[in-house]
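What follows is calculated from the coordinates using simple rules that are stated; it is not laboratory data. All values reported here derive from a predicted model rather than from experimental measurement. Counting neighbours? That spans all protein chains shown, and the Cβs are built from the backbone with ideal geometry, glycine included.
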Amino acid sequence: MLGAVFGLLFLMLFSPWSGVGYDDMFYFSYLSSPAFDGDLVLANDVALSNNSVETLRDRLSTPNNQGQVSNYFALGTSALWSPFFAVVRGTALVSEHLPWGAPAWAGDRYSAPYRWAVSLGSAFYGLLALLLMYEACRMRFGERVALHAALGAGLGSTLLGYLFGYPTMSHASSAFATALLLWLSMRLRKFHGVGSYVAVGAALGLVTIVRWQDVVLGLVPAGFWVVEMARRASGIHGGGGNRYQKTSPRQAITRRDWWREWFRRGWRLLPCFRCKLRIGGRIWGTG
């Protein structure tokens, strides 16, 4: 259902990047400058773009003391686009060795195939964002509510415009990275094993390099981690908790008492508790 709605909207509303747009040009330049110029000097990309020199952000295009054009935009969106851009650029490079030569668009970084590649990349990540939203909600509220929530996020927010009208802004990529972080945080909220920390940490890293302001979303997995550590420290629920209460009843404390002490004494309290950790199928006590 979600895919069908997305496909219908794509056919009705999708418009690839025209080559105009300040943010868009800078995100695109992280790919086009190395591919066409072999460097990260972005002056060529600025000059060849269709942006007017009278834009409100023209001051950001003024070279600095080193003669370089400043770039205030993060790398994450470009990194997510790179597989799509690489397919088109690879096709262009291969075509240069064909008997009939490369097509006219191959050497033009702002030609339609390159612009379509990154635009379709954003649409793809937007679809993944909606699917991840659905899965995250389904874990907690069931399929019907999850479907309504995902459709609401896609149709009732500005994400709709950034998916189909302005696909080369960072918003679609940000929606995907954020949805991935939330989904992993919920799925791995018990933090069993190193793999869960690596996965959640990598997702948070992606969120940050797409839009650095979104680093605040790291509070979500941090909250799950605090709750899980509190559960383990209390020795009451799961992970050997019942066994712990039978063997060490005097040291078992209620969750309410634990939180009271947490806020009163902070992290210094943790070493005072005898925790139960399940490692490699064995129960270990630490304290």
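Numerical summary
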{"item": "Contour minus Cα-Cα distance for Ala86 and Leu13 (0.36 nm per residue)", "result": "23.7 nm"}
{"item": "Taking Leu155, Leu182, Leu98 and counting other C-beta atoms within 10 Å, the order from fewest to most", "result": "Leu98, Leu155, Leu182"}
{"item": "Extension gain from Val216 to Val198, taking 0.36 nm per residue of separation minus the Cα-Cα distance", "result": "4.7 nm"}
{"item": "Within-15-Å neighbourhood charge of Thr91 [Cβ basis; K, R +1; D, E -1]", "result": "+1"}
{"item": "Around Thr168: net Lys/Arg minus Asp/Glu count, Cβ-Cβ under 9 Å", "result": "-1"}
{"item": "Estimated distance in nm for a label pair at Ser157 and Gln68, the labels positioned 7 Å out from Cα along Cα-to-Cβ", "result": "3.4 nm"}
{"item": "Ranked list, fewest to most other Cβ atoms within 10 Å of each Cβ, for Met186, Met169, Met139, Met133", "result": "Met139, Met186, Met169, Met133"}
{"item": "Asp23/Val227 FRET efficiency (R0 35 Å; Cβ-Cβ; nearest 0.05)", "result": "0.40"}
{"item": "Whole-Hz ³J(HN,Hα) from phi, Karplus 6.51 cos²θ - 1.76 cosθ + 1.60, for the range 17-25, glycine and proline x", "result": "4, 8, x, 9, x, 6, 4, 4, 4"}
{"item": "Protection proxy ranking of 41-47, 88-94 - average other beta-carbon atoms within 10 Å, highest first", "result": "41-47, 88-94"}
{"item": "Ranking of Ser111, Ser173, Ser157 by count of other Cβ atoms within 10 Å, fewest first", "result": "Ser157, Ser111, Ser173"}
{"item": "Inter-part distance where the range 128-166 and the range 1-34 are each reduced to a Cα centre, Å", "result": "18 Å"}
{"item": "Surface/4 estimate of mean projected area, convex hull on alpha-carbon atoms of the range 1-169, nm²", "result": "12.2 nm²"}
{"item": "Two-site FRET efficiency, His148 against Ala4, from Cβ-Cβ distance with R₀ of 22 Å, rounded to 0.05", "result": "0.90"}
{"item": "Within the range 112-144: backbone nitrogen closer than 20 Å to the Trp100 label point (7 Å, Cα to C-beta)", "result": "112-114"}
